[in-house]
Amino acid sequence: MTTRNIKHWFDSGTPYIWLNAGAVTISVLLVMGLLFLIAYRGLSHFWPSEIAEFQLTEADSNTITVIGEMVEYETVQRSRLPEGDIRIPESEELVSRTLIKMGNRDYFGLDFMWVVDLAVRDIKYPNDLMAVERHEWGNLYGYLVSVKQNGEELGDKASNLWVLFQEQIIASQDVHNEIEHVEKDLIGDINYKMERLRLKQRSLERSGITADSAQLRETTEQQRLLDEEYNSYSSQLGNLYERLNQFSFVTRLSDGREVELPLAQVVRAYQPNNMNIAEDIIHYLMKLWEFVSDEPREANTEGGIYPAIFGTVIMVLIMAVMVTPFGVVAAVYLHEYAKQGPLVRTIRIAVNNLAGVPSVVYGVFGLGFFVYFVGGNIDALFFSDSLPSPTFGTPGLLWASLTLAILTVPVVIVSTEEGLSRVPRAIREGSLALGATKAETLFRTVLPMTASAMITGLILAIARAAGEVAPLMLVGVVKLAPSLPLDGNFPYVHLERKFMHLGFHIYDVGFQSPNVEAARPLVYATALLLVLLIIILNLAAIRIRNKLREKYRASEQH
Amino acid sequence: MKSSASNNTVSTKLDLTKDFNYKNSRYLKDVITRYLMTAGGIGVIIAIVLIAVYLVWIVIPLFLPAHTAKLASFEIPDKGPDVSLFYAVEEQREIAMRVLDTGTIVFFKTSDGEVINTENLLSQNRANVTSFAAGNSSGRLLGFGMSDGTVELRYHQYNISYPDDIRIISPQVFNPFDGDSIVVDESGASIVKLAVQGNEEQTTIAALTENSQLILVNLNIETNFLTDERTINKVVTTIPVQYGVRHIIMDVDQTELYFTDIENVLHYYNIRNKQSPILVQSLSVVEDEIDITAMEFLSGGISVLIGDNLGRIAQWFPVRDENNDYSLKKIRIFDSQISPIRQIVPEYFRKGFLALDESGKLGIYHATAHRTIKVQDLNAGHDGMIAIAPRANGLVVENSDSVVDVWELENEHPEVSWSSLWGKVWYESRDGPEYIWQSSSASNIFEPKFSLTPLAFGTLKASLYAMLFAIPLSIMGAIYTAYFMSAGLRNIVKPSIEIMAALPTVILGFLAGLWFAPIVEAYLPAMFLIFLVVPIAIIAAAYLWQFLPEKIKHRVPQGFEGLILLPVIILATTAVFLLSQPIEVWLFGGNLPLWLTQELGISFDQRNSFVVGIAIGFAVIPTIFSISEDAIFGVPKHLTTGSLALGATPWQTMAKVILLTASPGIFSAVMIGLGRAVGETMIVVMATGNTAIMDINIFEGFRALSANIAVEMPESELGSTHYRILFLAGLVLFMATFFFNTIAEVVRQKLRVKYSSL
């Protein structure tokens, strides 16, 4: 182990090889660590975590009770904490502390609280502590005291109280759903029809038809009918709300206060400390299902992300419908019909390079060209009745899809061209020798053999489009869309509507939401969904590409 | 037989025609396909090229010169022996106003000079008009100094009504003080020079009387909010004047007063307190023998424009020094005219201005951009007079031969010049020339600051730190994976790194901003240590490995070093993180970020360039890794075997043969990675503070071109300068990435030819 030995060892280059190996290991570790982090954080959020009741010594040596979930645990230097905390002895340089989600934002003002472990006197996990998910104000933690109807207490035996509570929640959920149906579907329908009627009237008036004409009278009659229908629904709504608001429940909070809350606010209530593993799993799956199938609540920080999934999928589908034919035609032209020479080579390099142009530049182009120029002209030509409020002259689904189609068309072109160049010459020549025309060769032999390459290109395009956010911020994505771009109202697909998107959802909830800490787990879950989607699409593309290679290797050998 | 033979020929004939038709249709289809494919293909390619064309198309108007055209020319309205004092145009450019020295105000149509309304203030005041001043252009206040020591104030206003959907503008004049004139000089000396400014709360008059007294009158209007009764408090003070007054101006806020005397000395008074005006500075603003011929405020009332008899216009404004004292500084000079400047007319809302000289030529300028947009000969003669329309889209000119010309002015983007986009600019109220991006503000006298330099700097800073992180990891990884790693492992490792190229950057940005940035702040020492400890741990592990018993060593086949290192790296990293906080407590008082700021003066933001560098580096690692791995793997095998056969160690072969051959490929990989880093948007938006500062400090944030586009584009007004500059930023990004990618592609194609020839 002399220095000469070491020098010799370094001269041989072995340590450098090991360093390079280390680089690979680090890269792989980074990749795997990232995926693991997202998966862990994203999936663990839905598990019903236990609720603890803490007895804490406050800085002024009073004792308080705090109820909540433990969210995070960390060690921190004393100097980074507020000075003069007498609970921490001078000798302790490192202090461990816990982040507690206290909920009850409407009563305490704060959702979260860091608690220095030294201040904790006692931790208990009482079985009858409950967590209540609400439509507003986030979670509530406390003890159930009573359930009331019109101010009268329901039930008498304490053992039945929880069951009664659950029954009432389910009953009011039903009413709630019914209200939602009436408000969103039925009344939404009427509003939509009224708006169309208004536009029709306006266009009639503009075309110079006088007030007493048959057409105008007809629309007035329709208007009257719609108004009637609307009134009947709104009285129905009134009844439903009355039914819903009869029920309330009383709960005792950590500070001993007893508060009465309307039952209509409750999404679900559970006692996590009292649940066995099977109930935990059921709860977990229910929450997971809610996450992918429900609408967001509370400025997107609670509830589901269904509209975002739906928006992403439909945008990508429309994009795919547009990008495939154009990409394939361009590739076929470049590879089969264009005269190969410096010009085509330049075009090919240019197309290749466009795949590397920053996506935000496409967004700028989409906003200027599609939205303002094309959309503005469409509005002036076909939707002049609703001006000055724009129809297509504003960011929307169609423009987002088109922008992404332009963004991804190079991917399809490159992939299809690669597929075309892999078709063995012998096959083409064989087809031509048998008397087939070029078009027949193309459609009957070459293109079918390229099909999987096209699909690879398409999948890669979709994977790229699904993950893009920057251009979408300019051409059509919003944080909360009032209605889906697909519904039961004619013409069913509303290309001009704004939509929600998974990637933008991550940005918006993670960075623009008023309560980032509470929203964070949901962002992880959304990120996980998006990553999974994109990895699956990419793996599919890789598999198809590999199969394709095998196939041609085989046909070349024959 | 016979018949059957003839039958045969007939059938063959039939077959032939059928065949012919069939063939025809096939060829037709073939031709149609060819044309369709060609048309479609060329169409798609054109559509793609359209992007660049469209970006350029939107950007070009920024650099177009101003356009002027004469719209109308007519005899001066209300022609007579009287002299014009002032002209103004209303917002729609339909009606203009001429003020005469008889106190007559004439409103006329700009299309043909038809007089609409005439008002005369002398019907109420029997004195003569001896001086005149107009207030701030959008305030529309007119002040007449009279021979009896009073001042008449008038507002001109334009009421718009729409009877029968036709716009009708009716001009009016009214006195804000209920028909009273303001007594300035009790002794009744006539007023020879005047400056006025007024708003709803107060009105200030600065007037020079014929016996050389400069009198400052402030009328403060208080409205009792219960009775709506107005009380007017009048404050009168005198400012000492030694050498007379040539030009006098007051700013729109009525806090600053400038006047020049006959010695061409500029006096700058702070009149915030109307009882005791303070002389801030008196200084000579032109060289000897040169006369000041015009003086005017730029819109906003901060900069003073001083025109001289050489046709030069200098911009001055007060600048604050270290002691918070203000002194006037000459900021820039516009030197495009040669005759003495007669009149300077500021634009209403922008920092542009017009200057008319004694040869009848007009200069169109923009102060911030330091740009002479156009010099146009108006043929106005030696004593012409001009007024600009409020939207800066028109011009009314009175010629010396009693003709009024109306000009159209098209000057959409005067604030853009090469120097305002890329150079240092001395903005109003700043201490010196700076690079600043600040596109909007709540105040409407705001000077937009469109310097792209800090944004481009931010982009380069992000790319630099990203590449510093990504290049070593990805290229070293590529070297190992392509050449040393066992084939089985390579088939797993390569795709799993490559798939990360598809990872949405919004996720990386989210993790960087919300997860990684707090960790960096909490474990800052670890961030430094990790770059030191992990390589040392790897080399130490490698060194110790050779002393392991042969038995164990043989269990692990060649090309699996990476797997052995897995626990080493994890352990080293964990150790570094465990040690981080104790080290921080021991050496830096428990708070390294604070220590950095206090002891070294390095400011620390939580979302900083270090975090962004790692995140973007992470995003580009797969790209660089994949392309350089392909390049190294593609080096022909006979080169390596030859080298090994000549006795070189594997590492020597790698360093001296393979890397040299594959270096163009690695270069193109880096270029493509750089292109990606430059254009990265979401990570930058989410993981930095997005403040446009120019500082290379790794612990501070920045604002990148791409992030700036994403953040500001949705709010910018269609067709505005801001909108077009954002397009310009997009174009810059487009060209930068296109440039990097083209280099990479050309190099790669050359390499492909080289490999096949080896």
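The values are calculated or read from the model by the stated rules, or taken from the named source; none is laboratory data. Given the structure is predicted, the values throughout are model-derived calculations rather than measurements. Because the Cβ atoms are built from the backbone with ideal geometry, glycine has one as well, and the counts that use them run over all protein chains shown. When the accessible area is computed, the model is the full protein with side chains, heavy atoms only, and any ligands, DNA or RNA have been set aside. Shrake-Rupley method; radii C 1.70, N 1.55, O 1.52, S 1.80 Å.
Sorted by accessible area with a 1.4 angstrom probe, largest first, how do A:D111, A:D185 fall? Write out the running numbers ahead of the final one.
Values: A:D111 15, A:D185 80 Å².
Heavy-atom accessible area, descending, gives A:D185, A:D111.
For segment B:431-489 and segment A:15-73, what is the centre-to-centre distance using only Cα atoms, to the nearest Å?
The distance from the Cα centre of segment B:431-489 to that of segment A:15-73 comes to 30 Å.
Show A:L484, B:L409 ordered by accessible area, largest first, where the area counts protein heavy atoms only and the probe is 1.4 Å. Provide the component values of the computation, followed by the final result.
Details: A:L484 45, B:L409 10 Å².
In descending accessible area the options line up as A:L484, B:L409.
Let me see the P(r) profile for segment B:111-228: every Cα-Cα distance counted, bins of 5 Å, each bin given as a percent of all pairs.
2, 11, 19, 19, 17, 13, 9, 6, 3, 1, 0, 0
Which far-off residues, 5 or more places away or on another chain, put their amide H under 5 Å from the one on B:E434, with H placed in the peptide plane?
Here the answer is B:V425, B:W426, B:Y427, since their amide H atoms fall under 5 Å of that of B:E434.
Kirkwood hydrodynamic radius, chain B, all distinct C-alpha pairs: what's the number in Å?
Details: mean 1/r = 0.0305 Å⁻¹.
Hydrodynamic radius (Kirkwood, Cα pairs) of chain B is 32.8 Å.
Take each uninterrupted DSSP H stretch in chain A, measure its Cα extent along the helix axis, and return the ones at 15 Å or beyond whose mean Kyte-Doolittle hydropathy is at least 1.0.
Details: long enough: A:14-44 (43 Å, 1.47); A:158-180 (33 Å, -0.06); A:188-206 (27 Å, -1.47); A:214-245 (46 Å, -1.33); A:277-293 (24 Å, 0.66); A:306-332 (39 Å, 2.17); A:342-354 (18 Å, 0.65); A:397-422 (36 Å, 1.28); A:447-467 (29 Å, 1.45); A:516-557 (60 Å, 0.59).
Membrane-span-like by this rule: A:14-44, A:306-332, A:397-422, A:447-467.
Counting only the heavy atoms of the protein chains, how much of B:E210 is accessible to a 1.4 Å probe, in Å² to the nearest 10?
Roll a 1.4 Å probe over it and B:E210 shows about 120 Å².
For segment A:279-361, rounded, prolate or oblate, judged on the Cα gyration tensor with a ≥ b ≥ c (square roots of eigenvalues), a/c < 1.5 rounded, else prolate if a/b > b/c? Before the final figure, lay out the partial values.
Details: a/c = 4.19, a/b = 3.26, b/c = 1.28.
Cα axes put segment A:279-361 in the prolate bin.
Assuming R0 = 51 Å, what is the FRET efficiency of A:N231 and A:V145, from their Cβ-Cβ distance, to the nearest 0.05?
Numbers: r = 41 Å, r/R0 = 0.79.
Calculated transfer efficiency: 0.80.
Once phi is turned into ³J(HN,Hα) by the Karplus curve 6.51 cos²θ - 1.76 cosθ + 1.60 with θ = phi - 60°, what whole-Hz value does each residue of segment A:356-363 show in order, with x for glycine and proline?
Here the 3J(HN,Hα) series is x, 5, x, 5, 5, 5, 4, x Hz.
Pop a pseudo-label 7 angstrom from the Cα along the beta-carbon direction at both A:K551 and A:T3 and give the gap in nm to one decimal.
So the label points at A:K551 and A:T3 sit 6.5 nm apart.
For segment A:173-245, take the alpha-carbon Rg, divide it by the Kirkwood Rh, and send me Rg/Rh. Mind showing how you got there, number by number?
Values: Rg = 16.1 Å, Rh = 13.8 Å.
My calculation puts Rg/Rh at 1.17.
For B:E287 and B:N324, what does the FRET efficiency come to when R0 = 41 Å and r is the distance between their Cβ atoms, rounded to the nearest 0.05?
On the way: r = 30 Å, r/R0 = 0.74.
Plugging the Cβ-Cβ distance into 1/(1 + (r/R0)^6) gives 0.85.
What would the Debye formula give as log10 I(q)/I(0) at q = 0.16, 0.22, 0.28 Å⁻¹ for the alpha-carbon point model of segment B:717-758, no solvent?
Normalising to I(0) and taking log10 leaves -0.56, -0.72, -0.85.
Within 10 Å, at most 10 other Cβ atoms, and a DSSP state outside H, G, I, E, B define an exposed site. Report the longest part of chain A free of exposed trypsin sites (Lys or Arg not before Pro).
Numbers: sites that count: A:K157, A:K339.
Result for the longest clean stretch: A:340-558.
Which whole DSSP H helices in chain B pass both tests: a Cα extent of 18 Å or more along the axis and a mean Kyte-Doolittle value no lower than 1.6?
What comes out of the filter, once short or polar helices are dropped, is B:524-545, B:561-588, B:609-633.
Can you tell me, using C-alpha contacts under 8 Å and at least 6 residues apart, the relative contact order of chain B as a whole percent? All intermediate terms of the calculation are to be shown ahead of the outcome.
Numbers: 1432 pairs, mean separation 70.9, N = 758.
Taking the mean separation of contacting Cα pairs over the length of chain B, I get 9 percent.
In debye, nearest 20: dipole of segment B:251-405 around its Cα centre with unit charges on the Cβ of K, R (+) and D, E (-)? Don't skip to the end; give the middle numbers.
Details: 14 positive and 23 negative charges, 161 e Å.
Computed about the Cα centre, the dipole is about 780 debye.
Given the alpha-carbon gyration tensor of chain A, what are the semi-axes of its equivalent ellipsoid in whole angstrom, ordered largest first, with each equal to the square root of 5 times an eigenvalue?
Its equivalent ellipsoid spans semi-axes of 52, 43, 21 Å.
By accessible area of protein heavy atoms, probe 1.4 Å, what ranking do B:R272, B:R34 get, highest first? Intermediate values should be presented prior to the final figure.
Numbers: B:R272 165, B:R34 100 Å².
Solvent-accessible surface, decreasing: B:R272, B:R34.
Determine, from the Cβ-Cβ distance of B:N175 and A:E136 and an R0 of 56 Å, the FRET efficiency 1/(1 + (r/R0)^6), rounded to the nearest 0.05. Could you put the intermediate results ahead of the total?
Details: r = 58 Å, r/R0 = 1.03.
Calculated value: 0.45.
For B:V49 paired with A:S421, estimate the spin-label separation in nm (one decimal), with each label point 7 Å from Cα along the Cα-to-Cβ line.
If labels sit at B:V49 and A:S421, their model points lie 2.2 nm apart.
In whole Å, largest first, what are the principal axis extents of the Cα atoms in segment B:296-386?
49, 26, 19
Through the Karplus equation 6.51 cos²θ - 1.76 cosθ + 1.60, θ set to phi - 60°, convert the phi angles of segment B:197-210 into ³J(HN,Hα) values in whole Hz; use x for Gly and Pro.
The phi angles translate into 9, x, 9, 5, 8, 8, 10, 10, 10, 10, 9, 9, 8, 5 Hz.
Please list, in order, the residues from segment B:360-396 whose amide nitrogen is less than 15 Å from a point placed 7 Å along the Cα→Cβ vector of B:L71.
In segment B:360-396, the label zone of B:L71 (backbone N under 15 Å from the point 7 Å along Cα→Cβ) covers B:387-396.
For A:Y40 and A:K200, compute 0.36 nm times the residue count separating them, minus their Cα-Cα distance, and round to one decimal in nm.
52.2 nm
Whole angstrom only: what separates the Cα centroid of segment B:729-758 from the Cα centroid of segment B:513-542?
Each part reduced to its Cα centre gives a spacing of 34 Å.
For a label point 7 Å from the Cα of B:I278 along Cα→C-beta, name the residues of segment B:307-330 whose backbone N is under 16 Å from it.
Residues B:318-328 fall inside that zone.
Principal axes first, then extents: for the Cα atoms of segment A:3-45, list largest minus smallest coordinate on each axis, whole Å, largest first.
57, 15, 5
Would you kindly state the longest site-free stretch of chain B, with sites defined as chymotrypsin sites (Phe, Trp or Tyr not before Pro) in a DSSP loop (not H, G, I, E, B) surrounded by at most 14 other Cβ atoms within 10 Å? Each step should come with its number before you reach the end.
Numbers: sites that count: B:F225, B:Y243, B:F547.
Of all site-free stretches, the longest is B:244-546.
If contacts are Cα pairs under 8 angstrom and at least 6 residues apart, what is the relative contact order of chain A in percent? Before the final figure, lay out the partial values.
Details: 777 pairs, mean separation 80.1, N = 558.
Relative CO of chain A lands at 14 percent.
If the label point is 7 Å along Cα→Cβ of A:R121, which residues in segment A:59-76 have backbone nitrogen under 19 Å from it?
A:59-68, by backbone N distance to the label point.
Going by Cα centres, segment B:176-253 and segment A:118-194 are how many Å apart?
For segment B:176-253 versus segment A:118-194, the Cα centre distance is 70 Å.
Give me the compactness ratio for segment A:43-193, meaning the Cα radius of gyration over 2.2 N^0.38 Å.
For segment A:43-193, the normalised Cα radius of gyration is 1.43.
Given labels modelled 7 Å from the Cα in the Cβ direction, how far is it in nm from B:Y162 to A:E183?
Output for this residue pair reads 3.6 nm.
What are the extents of the Cα atoms of segment A:403-539 along their three principal axes, listed from largest to smallest and rounded to whole Å?
Between the extreme Cα coordinates on each principal axis of segment A:403-539 lie 70, 36, 23 Å.
Counting C-alpha atoms alone, how compact is the protein assembly as shown: give Rg to one decimal and Dmax as a whole number, in angstrom.
39.3, 143
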